[in-house]
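Read-outs: derived from the displayed coordinates by stated rules, not from any lab. Quick caveat: nothing in here was measured; it's all calculated off a predicted structure. With ideal geometry, Cβ positions are generated from the backbone for all residues, glycine too; neighbour counts draw on all protein chains shown.
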Amino acid sequence: MSQRERRSPTRDDAGFTLAEMMVAISIFLTLLVLVLSGTITVSRALKDTRQFTAINEQARVATERLTRELRQASEILAVSIPSTTDGPAMMTFGVDFNGNRRLDDVAADPEVLTYRYDPTDDQLTLTANDAAGDAVTQPILSDDVTGFTLDYRSSLWQYDTNADGITSWTEIDATTGVGNKNGVLDAPELAKIDLVVISLTVLKGTHRQTYQTEVGLRNQAQS
Ligand SMILES: [Ca+2]
Ligand SMILES: [Ca+2]
Ligand SMILES: [Ca+2]
């Protein structure tokens, strides 16, 4: 063996070859990407949870507010019932907050309230007159309401024609001498409605929460 050949580096004493270095670096980079993506996923999940907790709390407060106002309502003035459960819904009702036995257009606390759900922008709004008597619409919940339904019922059991224990507005509408049989909940039947089942669903990311409550209208006149 020549001098030159003896000095040539063998595989064992040359440290890492270029190929080995490349493999080591790519393994290191792969592990780094995995660790970073795991960290990002966890922080994104935490952010989603925080946002949902906030919207969840707003939805709870909104449902409680509507429940409180509706319980004091003296009359339901108008409703719009969607043909599908995810359609637009509207309800206008009056509350005699100042106790003067009529609904005032101008009052410190607005006495005619309209709640409206628009599924095209996932928004629940409230329209009421301000202290000057001008109608003002404000969002109650923005962007995150994926369902808002109002089911109208009566405690007048004699109109529960299918005897299922619930007097629905459709039964009121269909009763001769009580409803006008037009398939719509309108003026002739509204005075008979004294129960409203509210269902509100919010969705943030993958989190979904539905609030449902049945409200008895204490002051609704019946005849
Ligand atoms: Ca009043
Ligand atoms: Ca029934
Ligand atoms: Ca009707």
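Here are a few things to note about the model shown:
- Oblate is the label for the stretch 103-184, because a/c, from the alpha-carbon gyration tensor with a ≥ b ≥ c as root eigenvalues, is 1.5 or above and a/b does not exceed b/c.
- Using alpha-carbon coordinates, inclination of helix 18-71 to the longest axis of the chain, degrees: 10
- Segment Phe28-Asn98, length gained on full extension (0.36 nm per residue, minus Cα span): 18.0 nm
- Trypsin sites (Lys or Arg not before Pro) lying in DSSP loop within the stretch 155-223, provided at most 16 other Cβ fall within 10 Å: Lys181, Arg218
- Remark: spin-label model distance Gln72-Asp134 equals 2.5 nm, labels positioned 7 Å along the Cα→Cβ axis.
- Spacing of the two label points (7 Å from each Cα toward its C-beta) at Asp105 and Thr49, in nm: 5.3
- Shape of the stretch 79-223, Cα gyration tensor, a/c cut at 1.5: oblate
- Shape category assigned to the stretch 147-223 from the gyration tensor of Cα positions, a/c cut at 1.5: prolate
- Fully extending the segment from Glu57 to Leu36 would add 4.4 nm, taking 0.36 nm per residue of separation and subtracting the current Cα-Cα distance.
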